[in-house]
Amino acid sequence: MEPAAEDLLLEAHESIEAARSYRRELQQRLRGLHQARKQVRLPGPLITFNTCLWTLSYWLMSFLKYGDQNWTQRPMIKESAALTRDVLEQHFSDLKGTLRKLLDERLMALLQEVDTIEQESIKPLDECQKLIEHGVSTADDLLQEGESAVQGGVGDENETLCSFTKKASHIQLDSLPEVPSLVDVPCLSAQLDDCLLTILKNQIFSHGTVASRPPVQIEELIEKPGGILVRWCKVDDDFVPQDYRLQCRRSTASHFEDVYVGSETEFIVLQIDPNIDYQFRVCARGDGRQEWSPWSIPQTGRTTLVPHEWTPGLEGYSLSSRRNIALRNDSQSSGVLYSKAPTYFCGQTLTFRIETVGQSDRRDSLGVCVEQQNGYDSLQRDKAVCISTNGAVFVNGKEMTNQLPAVTTGSTVTFDMEIVQLGPAKDAGNFKLRVTISSNNREVVFDWVLDQSCGSLYFGCSFSYPGWKVLVF
């Protein structure tokens, strides 16, 4: 055999061995790649997570089922007990649905996160696998071609050996693709806090209370013209209230509506139709708490007093639909706006509340009078008592020495009167009313002498400039 032919055959055997070694390395890397892919998709921690969710769901269902059985076994002592059961069952049913929804949403979010990490981690491994599989296929083809060339020997097959060795020299049999080590490949796991069930258990078992009686009750209902004054009080000495919530409804209505939320213990509910029964209830919110206490026992009240109304039709004033609010408009017309009828009686409290203010004038007035008198631009006249917007008090047109604070937005001005002397109607100066006018936590008290007895009085107001809005009740 010629030396050149022997060298060519030796080179072919070396190329075949190199191709076999290359294929073994690729196959080994492919097995490592499969292990990495298996690590990314390892389902063990997810089973633990699902088991945790199932345990939580089973525990909640067991708790709620036990609560339902416990409630339904209690005897129906009275209507409040039945209502309490309904409220509890509805609340815990809503809570159960909400918890299930939240758990499902959280599970889906975590599963979506697992899917995202898996897809992002598998993609480069897939690309590496394709590269390795292509190398294995190339090595197989090269081995098959080399073994065929070698079996032919030398001589006529020199051309085949030359072609094989040339092809083998162009393939980089020592260049292997890098396969990431297992420590560099993501290994997914679920981090779950085992104390969740303990926290939920403690929270649920302390959630909600059943009170034998409400901490506040309605104390008094006082009829007012077109309204009812509601007073309530605390009946639980250990309860520290922060706010109160008053609700009202017609006796024929099915739902209560909020009419007041605040820290006061009384409130005048307006827009009450006369001779119609209304129900009232109140609850409270403890200091530093968010939830409201149970409702008080509903109390029924009515007013027989017709509501105070302003007289419609005066050009300088616009009235609300119930005619208990008057707004001084931009009209140049002036004059006194009187009540529609003499609806103020001695022994009652007449209240004016200033909703908005305009420019003040010394002739402005709020007050009561014996009769309507047209042609005047103020109640600062005979047979009338009033207060000006600057706080000055007038009796029968004369200014008193005592003065009240000027009225501002939100100010309330009240008039209280009582009969202190009643002589024969024919004797002039024998009818006397003791008048108390209050405004901004100050008051003036005086006797108003009239030349005739008055069973009821008109009220009125006058403002020189627009923007004043006043509510009467």
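The values are calculated or read from the model by the stated rules, or taken from the named source; none is laboratory data. Since this is a predicted model, take the numbers as computed values, not measurements. Don't worry about glycine lacking a Cβ; one is built from the backbone with ideal geometry, like all the others, and counts go over all protein chains shown. Side chains are part of the model used for accessible areas, which takes the heavy atoms of the whole protein and leaves out ligands, DNA and RNA. Shrake-Rupley method; radii C 1.70, N 1.55, O 1.52, S 1.80 Å.
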>> Taking the criterion of being touching a Gly at 6+ places or on another chain (Cβ under 7 Å), among the hydroxyl-bearing types (Ser, Thr, Tyr) and surrounded by 13 or more Cβ atoms within 10 Å (Cβ to Cβ), would at least one residue in region 241-251 satisfy it?
In response: yes
> Looking at region 214-239, which of its residues are in contact (Cβ under 8 Å) with a residue 60 or more places away in the chain and of a type in the set (D, E, K, R)?
Replying inline: GLU223, LYS224
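Determine which member of the set LEU107, LEU95 is closer than 30 Å to GLN191 by Cβ, at pLDDT 90 or above, open to solvent by less than 90 Å² (accessible area, probe 1.4 Å) and over 21 Å from the mean Cα position of the chain (by Cα). Walk me through how you get there before you give the answer.
Details: LEU95 fails: over 21 Å from the mean Cα position of the chain (by Cα).
Exactly one residue qualifies, and that residue is LEU107.
Return yes when ILE222 is β-branched (Val, Ile, Thr), open to solvent by 40 Å² or more (accessible area, probe 1.4 Å) and closer than 19 Å to TYR278 by Cβ and no when it is not.
Numbers: β-branched (Val, Ile, Thr): yes; open to solvent by 40 Å² or more (accessible area, probe 1.4 Å): yes; closer than 19 Å to TYR278 by Cβ: yes.
Judged against the criteria, ILE222 is a match.
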>> Just the residues that are over 15 Å from ILE419 (Cβ atoms), among the small types (Gly, Ala, Ser) and assigned to a loop (DSSP other than H, G, I, E, B), please, taken from region 441-466.
In response: SER464
> If only one of GLN373, GLN380 is at pLDDT below 95 and either of a type in the set (Lys, Arg) or under 20 Å from GLY460 (Cβ atoms) (or both), which one is it?
Replying inline: GLN373
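May I ask you to list the residues in region 356-369 that are surrounded by fewer than 19 Cβ atoms within 10 Å (Cβ to Cβ) and either out of contact with any Ser or Thr (no Cβ under 7 Å at 6 or more places or on another chain) or more than 18 Å from PHE473 (Cα to Cα) (or both)? Please lay out each step first, then the result.
So the first thing to find is which residues in region 356-369 are surrounded by fewer than 19 Cβ atoms within 10 Å (Cβ to Cβ), and the list is 356, 358-363.
Passing the criteria: GLY358, GLN359, SER360, ASP361, ARG362, ARG363.
Within region 116-137, which residues are open to solvent by 50 Å² or more (accessible area, probe 1.4 Å) and among the β-branched types (Val, Ile, Thr)?
To start, the set of residues in region 116-137 that are open to solvent by 50 Å² or more (accessible area, probe 1.4 Å) comprises 116-117, 119-120, 123-124, 126-127, 130-131, 133-134, 137.
Across region 116-137, the qualifying residues are THR116, ILE117.
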> Counting only residues that are in a loop (DSSP other than H, G, I, E, B), under 21 Å from GLN348 (Cα atoms) and within 31 Å of the chain's Cα centre (by Cα), how many does region 258-310 have?
Replying inline: 3
> Picking from THR436, THR414, THR401, THR408, which residue would you name as being open to solvent by 40 Å² or more (accessible area, probe 1.4 Å), under 26 Å from ASN324 (Cα atoms) and modelled with pLDDT of 90 or more?
Replying inline: THR408
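Conditions (1) modelled with pLDDT of 80 or more; (2) open to solvent by 40 Å² or more (accessible area, probe 1.4 Å); (3) over 30 Å from THR303 (Cβ atoms), marked per residue:
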{"position": "ALA149", "(1), (2), (3)": "no, no, yes"}
{"position": "ASP156", "(1), (2), (3)": "no, yes, yes"}
{"position": "PRO180", "(1), (2), (3)": "no, yes, yes"}
{"position": "ALA190", "(1), (2), (3)": "yes, no, yes"}
